[in-house]
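Submitted below is the structure of interest, expressed as structure tokens.
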């Protein structure tokens, strides 16, 4: 299922099912989960259609999950999107260090200014 299909499907779910998903992902409310999914959909589209990920600000600003401190990076930067993705994946048992892996990759390219992607 694509992120676009997922986003559309989430909008069609009953409130009780949306609440069940919110709980399953450890989120405080459905609106925040929906915000993150839509922002990740945009990130996926940028990747798939050769959009620029570095040296830019993303259009959708991520909502902040204060209790978890996510995202810690500026909400319109790549690192913030990666922090949200990592949080959602960890809530489902996947412990890949996405944020750290990208930081390592960025360190290999001195032309990329870390602050421009939220690092």
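We did not get these values from a lab; they are worked out from the coordinates using the rules stated. These numbers come from a predicted model, not from an experiment. All Cβ positions, glycine included, derive from the backbone under ideal geometry; neighbour counts span all protein chains shown.
For the chain, what relative contact order do you get, as a whole percent, if you take Cα pairs closer than 8 Å and at least 6 residues apart?
On the way: 123 pairs, mean separation 26.3, N = 119.
With pairs under 8 Å counted, the relative contact order is 22 percent.
Does a label point 7 Å from the Cα of residue 31, set along Cα-to-beta-carbon, have any residues of the range 60-85 with amide nitrogen under 19 Å, and which are they?
Under cut-off, by backbone N: 60-71, 75-76.
For the range 69-119, what does the alpha-carbon gyration tensor say about shape, rounded, prolate or oblate, given a ≥ b ≥ c as the root eigenvalues, a/c under 1.5 as rounded, and a/b over b/c as prolate?
Note, shape of the range 69-119 comes out oblate.
In whole Å, how far is the Cα centre of the range 68-119 from that of the range 34-62?
Spelled out, the Cα-based centre of one part sits 13 Å from the other.
How far is helix 78-91 tilted off the main Cα axis of the chain, in degrees rounded to 10, range 0 to 90?
40
Treating the angle as unsigned and between 0 and 90°, give the value, to the nearest 10°, between the Cα long axis of helix 15-24 and the longest Cα principal axis of the chain.
50
State the label only: which of [x] 22, 17, 17; [y] 26, 16, 12; [z] 44, 14, 11 corresponds to semi-axes √(5λ) of the Cα gyration tensor in Å computed from the shown model?
Entry [y].
Tell me the angle of helix 3-12 to the major Cα principal axis of the chain, expressed in degrees between 0 and 90 and rounded to the nearest ten.
Relative to the chain, helix 3-12 is tipped by roughly 30 degrees.
I've got another one for you. Can you give me the distance in nm between label points at residue 103 and residue 5, each placed 7 Å from the Cα along the Cα-to-Cβ direction?
Label at residue 103, label at residue 5, 3.6 nm between them.
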